[in-house]
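Read through the structure below, which is laid out as structure tokens, and then see the notes.
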Amino acid sequence: MELFKKKLSFDYVGHLRQFAIFSSVLVLGSLALIAFKGLNFGTEFAGGTEALVAMTEPTQLDGIREVCDSIGLDQPEIVRYGIQDEGRYFVRSRTRSLLKPDEAEKVKSALVGKYGTPVLWDATDETGEQIRVKFEKGVTKEELQATARESGFATVEVGVQSQGTNPVYLVRMPSIRERLGAGLKAKFGEKFRDIERMESVGSAVGKQMREQGALSLLYAILGILLYVAFRFDARFGPGAIVSLMHDVIVTVGCFALFGWEFNLQIVAALLAILGYSVNDTVVIYDRIRETTQNTTGKSLGEIINLAINDCMSRTIITSAVTLLSVLAILIFGGAVTRGFATAMTIGMISGVYSTIAIAASMTLVVDRYLSKREAAAGPKTPVAARP
């Protein structure tokens with residue numbers, strides 16, 4: 001299917017310098033934003049808490065935010081779950097624990113006053129909500145729990161971590177889930193149904209997930225490099241890799257610029273962008289190879305222009321149809337999928353541009369460089385690609 005009645009003849013190679021300047025500004029600007037402004041990491045990467053709150057009917061977000069502020073959640077973000085307001089809301093916060101040092105000390109003072117100094121008091125749990133304790137003389141779980149609750153925390157639970165003559169106990173202090181549930185119940189009464197899901201991520205786990213996300217992108221790019229190197233010769237590989245890195249950096253740079261949340265959804269979107277972009281690049285490279293084999297008397301620059309113009313209808317149609325699907329998710333998918341759809345939209349637009357302005361055009365730059373080396377070493381070999 002052709003969109004244009006007349007055959008296109010735009011000189012893409014002739015604008016190589018302008019493309020290079022524009023792309024360099026985009027990439028360097030994005031890198032500067034990432035380095036100096038940084039990314040707004042989501043709960044999975046920065047650590048924090050995410051809860052799915054269920055109400056019996058749609059509720060104003062400001063009311064839920066008031067409860068979150070009152071219990072001490074740091075910069076809570078409340079978004080609706082689903083396309084329509086069904087009374088279910090995501091509550092996200094960087095807070096991993098609401099337990100204050102003086103609260104833990106209050107429980108410790110009550111236990112020490114009754115049972116003496118413990119031989120073990122370990123409050124290094126990252127959430128701060130579980131304390132390991134062991135006393136020299138035998139103390140039962142029930143006695144510890146009763147004493148802890150007398151200190152003013154009616155919801156304290158005590159469990160046994162390891163059995164023995166003097167067991168090691170786990171004192172479970174009031175959690176974010178309990179405090180949030182109690183606050184919502186107090187404000188909304190019967191309208192509050194339940195906290196359906198609660199997830200907490202520590203800083204160490206968040207750092208590990210950031211590293212794994214970066215490695216997944218690196219492995220994907222290396223895999224694509226091997227594929228392009230196997231299918232095409234050395235003149236094509238660098239352009240493909242540079243264009244892929246361009247798409248990833250520009251997309252991440254936009255998230256740094258606007259402060260949008262960067263989470264696992266965005267990493268998934270970046271991997272999808274890599275696949276979409278390399279598919280476009282391979283189509284153009286195949287057309288360049290076919291045109292090279294079927295055309296005589298034309299320079300490589302003319303062949304690249306001819307190949308891109310021949311593929312332009314296909315590129316526009318494919319990209320437009322895919323973009324419509326992504327825009328539907330962006331507009332109607334709700335807040336939960338908005339980050340993924342935003343990243344895909346930016347990446348797809350960047351991918352179409354980079355395929356034409358970087359991947360294809362850079363083939364000519366690499367060819368000129370290799371041709372000079374080959375001319376110095378001996379007869380020049382023709383541009384070719386593996387079938």
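The values are calculated or read from the model by the stated rules, or taken from the named source; none is laboratory data. Predicted model, so just to flag it, every value in this text is computed and none were measured. As a convention, Cβ positions derive from the backbone with ideal geometry for all residues, glycine included, and neighbour counts pool all protein chains shown.
Remarks
- Residues of the range 53-86 that are among the charged types (D, E, K, R), free of Cβ contacts under 8 Å to residues at least 40 places away in the same chain and assigned to a loop (DSSP other than H, G, I, E, B): ASP74, ASP85, GLU86.
- The range 129-156 residues that are of a type in the set (Asp, Glu), paired with ones that are assigned to a loop (DSSP other than H, G, I, E, B) (beta carbon under 6 Å, 6 or more apart): GLU129/SER97; GLU129/LEU99; GLU129/MET173; GLU129/SER175; GLU136/VAL119
- Filter result for the condition that a residue is farther than 22 Å from GLN130 by Cα and in the same structural domain as MET209 (by TED's automatic domain parsing), over PHE90, PHE22: PHE22
- Pairing residues of the range 343-360 that are in the same structural domain as THR251 (by TED's automatic domain parsing) with residues that are outside any helix (DSSP H, G or I), at Cβ distances under 8 Å and at least 6 apart in sequence or on separate chains, gives ILE356/TYR12; ALA357/TYR12; ALA360/TYR12.
- Selection over the range 130-149 of residues that are crowded, with 17+ Cβ neighbours inside 10 Å and in contact with a helix residue (DSSP H, G or I) (Cβ under 8 Å, 6 or more places away or on another chain) gives a count of 7.
- Members of the range 87-104 found to be part of a loop (DSSP other than H, G, I, E, B), touching a Ser or Thr at 6+ places or on another chain (Cβ under 7 Å) and either among the basic types (Lys, Arg) or at positive phi (or both), listed by number: GLY87, ARG96
- Pairs, first touching a residue at least 60 places away in the same chain (Cβ under 8 Å) in the range 91-117, second of a type in the set (Lys, Arg) and in a helix (DSSP H, G or I), C-beta under 9 Å, six or more apart: VAL91/ARG65; LEU98/ARG179
- Criterion: surrounded by fewer than 18 Cβ atoms within 10 Å (Cβ to Cβ) and in contact with an Asp or Glu (Cβ under 9 Å, 6 or more places away or on another chain) - qualifying residue of PRO58, PRO76: PRO58
- Answer residue from the range 85-129, given it is within 40 Å of the chain's Cα centre (by Cα) and hydroxyl-bearing (Ser, Thr, Tyr) and is modelled with the highest pLDDT among those: TYR89
- The residue of the range 61-73 that is farthest from GLY333 (Cα to Cα), among those that are crowded, with 18+ Cβ neighbours inside 10 Å and of a type outside the set (Val, Ile, Thr), is LEU73.
- Flag: SER151 matches the condition of being at pLDDT below 80, more than 28 Å from the chain's Cα centre (by Cα) and farther than 14 Å from LEU170 by Cα.
- Here ARG193, ARG197 are screened, and the one residue that is outside any helix (DSSP H, G or I), over 26 Å from the mean Cα position of the chain (by Cα) and within 30 Å of VAL67 (Cα to Cα) is ARG193.
- Test: residue in the range 317-335 that is over 25 Å from ALA256 (Cα atoms), in contact with a Leu (Cβ under 8 Å, 6 or more places away or on another chain), of a type outside the set (Lys, Arg) and modelled with pLDDT of 80 or more: yes
- Subset of the range 201-254 [basic (Lys, Arg) and over 30 Å from SER97 (Cα atoms)]: ARG231, ARG235
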